[in-house]
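The values are calculated or read from the model by the stated rules, or taken from the named source; none is laboratory data. Predicted, not measured: the structure shown is a model, and the values here were computed from it. Don't worry about glycine lacking a Cβ; one is built from the backbone with ideal geometry, like all the others, and counts go over all protein chains shown.
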Amino acid sequence: MKNVTKILFSLIKRGLSGDSAESITKDLSKETLEELYRISDKYDMAQFITVSDSEFSEKFKKKQILALYRHQKSAYALDKISKALNDAGVDFIPLKGAVISKLYPESYLRTSCDIDILVHEKDLDKAIDVLSESLQYKAKGERDYHDISLYSPEGVHLELHFNIRENMANLDKVLDRVWDHSYREDGHLWRMKNEFLIFHTVTHMCYHFTWGGCGIRSFVDLYLMRDKLDYDENVLRAYLKEAEIEKFYDSVISLIEVWLGDKEHSELTQKIEKYIFSGGIYGNNETRIAMQQGKSGGKIGFILSRLFLPLETLKSYYPILNKYPWLYPFMIVRRFMRLITKKAYKNASNELKINGSVSKEKVNETKNFLKELGL
């Protein structure tokens, strides 16, 4: 596994620089190619890899074609969404892959499952109406704490954000000022300043870490942003310091320097690598629940934290609480009623089962790991 991980990042590094990877892949065994395909596919990075072996060459080529198709479909949809919002006078900020993909040698290499766009909360209903009427997007499900999902007739998934919070108070106090750290580029199209774009990527990684997993793609994004963007490190550090995640950022950069640079592993970077490859892009439930137990004070604390969301968090789901906070207990009941569905009940039962089975050693291990990262 460790050897395959090293090969994977060598191939990604060559893909980012445009160098040939033939010297790396030509003598790989069937078993190594099988594992390389499995890991790269799991982390949505197979489009970086080209091999000469006929069997696996076809497999990787299909992933490249799929990545190209996904990118073109999203890019076309983003253009139409941008035009519709701009014509309607709705200020918006493209987020994540819609911006970062331009830093890759080929934009399709930076895959994404959806399109993320931020609008002012006061413009949310107008934006939904515009996209519904002009492009036939339909909302699916209730609003989340920071976005609502819309789907086009072609199946394009748009996460329409009305904030970029991560449900972590130390991060959200800075993230809430996103419009103050953005600029109008053209018409109603806004862009984050480069320092804040990097900061936002780090906070999103931070969120995934505390919920049990993080993908490889964010590390590559951060590597490219630091390499290609013109930004002020002192300004970025000020954001990180205020959000109390400087230590996390430095730990992440240390691993990037191992994966895509020439640094040797330290004990901490080895732990982070193990954590990422044991959890997957979105983590696994055992790790996630162990993380949350460590933060909330054990098994009972985890259950209470899931049942009774803080007022500030619940406000994002039910905006009426901004005006009438005394409705908090009623909204808690409403949320309980919303959770009484077959799917929600099944998920909750599974969480409770895992919550009861997670060992104290696992909780202490994950708690100490978070502490090492400054989380």
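What to note about this one:
- Set side by side, the residues Asp27, Asp116, Asp19, Asp79 differ, and just one is acidic (Asp, Glu) and either surrounded by 20 or more Cβ atoms within 10 Å (Cβ to Cβ) or under 21 Å from the mean Cα position of the chain (by Cα) (or both), which is Asp116.
- For region 253-321, the helices (runs of 4 or more DSSP H) that sit wholly inside it and include 2 or more residues that are within 22 Å of the chain's Cα centre (by Cα) and at pLDDT below 65 are 285-296.
- Asp125 vs. criteria more than 15 Å from the chain's Cα centre (by Cα) and closer than 30 Å to Leu224 by Cα: no
- Residues being hydrophobic (A, V, I, L, M, F, W, C), in a loop (DSSP other than H, G, I, E, B) and modelled with pLDDT of 75 or more - total across region 1-33: 1
- Cross-chain or 6+ apart pairs with Cβ under 6 Å, region 231-249 first and without any contact (Cβ under 8 Å) to a residue 40 or more places away in the chain, then of a type outside the set (Asp, Glu) and part of a helix (DSSP H, G or I): Tyr231/Asn194
- Per-region count, region 168-193, residues in a loop (DSSP other than H, G, I, E, B) and touching a Phe, Trp or Tyr at 6+ places or on another chain (Cβ under 6 Å): 0
- The residues on offer are Leu85, Leu78, Leu95, and the sole one that is at pLDDT 90 or above and in contact with a Pro (Cβ under 8 Å, 6 or more places away or on another chain) is Leu78.
- When residues of region 139-150 are limited to those that are out of contact with any His (no Cβ under 6 Å at 6 or more places or on another chain) and either among the aromatic types (Phe, Trp, Tyr) or closer than 21 Å to Ala75 by Cβ (or both), the one modelled with the lowest pLDDT: Tyr145
- Test result for Ile198, in contact (Cβ under 8 Å) with a residue 60 or more places away in the chain and either crowded, with 20+ Cβ neighbours inside 10 Å or more than 26 Å from Arg70 (Cα to Cα) (or both): no
- Residue in region 52-62 that is part of a loop (DSSP other than H, G, I, E, B) and either at pLDDT 95 or above or in contact with a Ser or Thr (Cβ under 9 Å, 6 or more places away or on another chain) (or both) present: yes
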